[in-house]
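Participant: Handing you this structure, nothing more for now.
The values are calculated or read from the model by the stated rules, or taken from the named source; none is laboratory data. Since the structure is predicted, the reported quantities are computational estimates derived from the model, not experimental observations. Counting neighbours? That spans all protein chains shown, and the Cβs are built from the backbone with ideal geometry, glycine included. Remember, those area values only see protein heavy atoms, side chains included, never the ligands or the DNA or RNA. Shrake-Rupley method; radii C 1.70, N 1.55, O 1.52, S 1.80 Å.
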Amino acid sequence: MKILAIESSCDEFSVAILDEDKILCNVISSQIEQHKEYGGVVPELAARLHLENCGWVLQEALEQSQVNLEEIDQIAYTDHPGLIGSLIIGKIVAQTLGLYLNKPVQGYDHIQGHIFGTAINHDFVYPVLAMVASGGHTQIELVNSPNDFQIIGSTEDDAIGECYDKVARVMGLSYPGGPVIDKLAKTGNPDAYDLPLAKNDATYDFSYSGLKTAMINLIHRLNQKNEPLPLNDLAASFQKQAMKIIEIKLARAIQTYHPKTLTVGGGVSANTLLRTIIQQLGTKYQLEQTIIPDLAYCTDNAAMMAKLAYEKQKVS
Ligand code: KG4
Ligand code: ZN
């Protein structure tokens, strides 16, 4: 069974081919350079660039995997959530291939894809407690099977990755801000600044707009001194609070839902501190399995959608 998957929900156009449980290729065209000058993703530009990139990405995927198009058994693509113009391009490519090959085409959920991206090279033991931390979502899900997802808590306003990117822009750093702040934080003092703990309440929902505003106000005050910004200390203090709330809420969710597997997915799961926190939580609560995903499958990629499609069908 060979699945060709397409992921195009934001500013990456990606094609992966999976043969049974094996990822044969995972080609990703990134648009970071084109969006950098605007400080974030411009939706219209993202869709237009997908159109330019989809042809060569597909060709490259077939070449890398040494698979003929006619050998593909089914097509999977991301149908939501995401930027509408970007999603449409992926859907059109998927449906065109399906029509040409006369093979089934199925749309899948991007967030579920992020969760199953963590299961590539690490098989899940259910139930799985999954933290999804990305540019668009901060969410905790309980996964009982590939067809049974329960959302425990979700994004109230800014998602964590969005908050990283917006704070980075005010700090004068380049897009995407997450990896830059993560790197700066390594040599900064996390106790240098006192920042609020976002939505520290009894729910499992997440709000990052308060922390974002506090950071922006702090940076404006520091800028008035006309001195260089202490970027490392700002990054470390921000990162400490951004991750602390995830640690608090996940610890409570573990005690309430008793998962066998703890995992973390989405672009922000590449973060050094978050990866350490997840590992420590798994150890502290003696979970059967704690999965720290391979870096290649953290940010948007089509391999995660192929893995999701494969696992769903295996049990249906
Ligand atoms: O999952 P993703 O590729 O796209 C969405 O579905 O949103 O996530 C992109 C986000 C960006 O906000 C980026 O800044 C963030 O992931 N990110 C990080 C790190 N690497 C990527 N955030 C914090 N630390 C990182 N190391
Ligand atoms: Zn994503």
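Participant: Does LEU49 satisfy the criteria of being crowded, with 20+ Cβ neighbours inside 10 Å and within 16 Å of ligand 1 (Cβ to nearest atom)?
Facilitator: Here the answer is yes, as LEU49 does meet what is asked.
Participant: In the range 170-200, what count of residues is obtained for those that are within 13 Å of ligand 1 (Cβ to nearest atom) and open to solvent by 50 Å² or more (accessible area, probe 1.4 Å)?
Facilitator: Qualifying residue count for the region: 4.
Participant: I'd like the full set of residues that are over 20 Å from GLN286 (Cβ atoms) and either away from ligand 1 (no atom under 14 Å from the Cβ) or polar (S, T, N, Q) (or both), limited to the range 119-140.
Facilitator: ALA119, ILE120, ASN121, SER134, THR138, GLN139
Participant: Which condition does MET304 not pass, out of (1) farther than 29 Å from SER14 by Cβ; (2) within 20 Å of the chain's Cα centre (by Cα), if it passes all the others?
Facilitator: Among (1) farther than 29 Å from SER14 by Cβ; (2) within 20 Å of the chain's Cα centre (by Cα), the lone unmet condition for MET304 is (1).
Participant: Just for the range 9-46: of the residues that are part of a loop (DSSP other than H, G, I, E, B), touching a Gly at 6+ places or on another chain (Cβ under 9 Å) and under 30 Å from ASP123 (Cβ atoms), which one is most open to solvent (accessible area, probe 1.4 Å)?
Facilitator: So the residue we want is CYS10.
Participant: Does LEU262 meet the test of being under 20 Å from GLY188 (Cα atoms) and either touching a residue at least 40 places away in the same chain (Cβ under 8 Å) or of a type in the set (Val, Ile, Thr) (or both)?
Facilitator: When the stated conditions are applied, LEU262 does not pass them.
Participant: Now a separate question. Take the conditions within 16 Å of ligand 2 (Cβ to nearest atom), open to solvent by 10 Å² or more (accessible area, probe 1.4 Å) and assigned to a strand (DSSP E or B) and apply them to ILE6. Does it pass?
Facilitator: Considered against the rule, which asks whether it is within 16 Å of ligand 2 (Cβ to nearest atom), open to solvent by 10 Å² or more (accessible area, probe 1.4 Å) and assigned to a strand (DSSP E or B), ILE6 comes out as no.
Participant: Also, quick follow-up: Does TYR108 meet the test of being assigned by TED's automatic domain parsing to the domain that holds ALA76, in contact (Cβ under 8 Å) with a residue 40 or more places away in the chain and touching a Lys or Arg at 6+ places or on another chain (Cβ under 8 Å)?
Facilitator: yes
Participant: PRO127 is checked against (1) touching a residue at least 24 places away in the same chain (Cβ under 8 Å); (2) surrounded by fewer than 17 Cβ atoms within 10 Å (Cβ to Cβ); (3) over 17 Å from the mean Cα position of the chain (by Cα) and fails just one. What number does that condition carry?
Facilitator: Checking PRO127 against (1) touching a residue at least 24 places away in the same chain (Cβ under 8 Å); (2) surrounded by fewer than 17 Cβ atoms within 10 Å (Cβ to Cβ); (3) over 17 Å from the mean Cα position of the chain (by Cα), the one that fails is (2).
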